[in-house]
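To start, the structure itself, in structure tokens.
Quick note: the coordinates plus some simple rules give every number you see, no bench work behind them. These numbers come from a predicted model, not from an experiment. Positions of Cβ are generated from backbone atoms using ideal geometry, with glycine treated the same way; all protein chains shown enter the neighbour counts.
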Amino acid sequence: MATLQHIPFTFEALRDTGVLWLVNRAVFHPRGVALALHLGTTGGVIGWSLVASPDGSPFTFDGTTIDEAARMQAVEELIRVTKAGEA
């Protein structure tokens, strides 16, 4: 039987690896909510909150402001590296 591996993950890592983007894109944005990270004066994450869109409608993007392919590739790479470490 496989042993579950605990992988520590900081809020900065969620942001930097694209996981935060993926969770927002797939789960929160269609519901008009976003998981937002709050940054301190040095740029480190000091907290988080759920932020609702002003009119309650889903967040949408036209594809020109976010390079979704690059972010998805970063998430896929994270999954690949994690799986490789389990082997």
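Between GLU77 and SER57, the distance separating the two model label sites (each 7 Å from Cα on the Cα→Cβ line) works out to 3.5 nm.
Here the Karplus curve 6.51 cos²θ - 1.76 cosθ + 1.60, taken at θ = phi - 60°, turns the phi angles of segment 41-57 into couplings of 5, 8, x, x, 6, 10, x, 8, 7, 9, 10, 8, 5, x, 9, x, 7 Hz, with x standing for Gly and Pro.
Here the label points at ASN24 and THR3, each 7 Å from Cα along the C-beta direction, are separated by 3.7 nm in the simple model.
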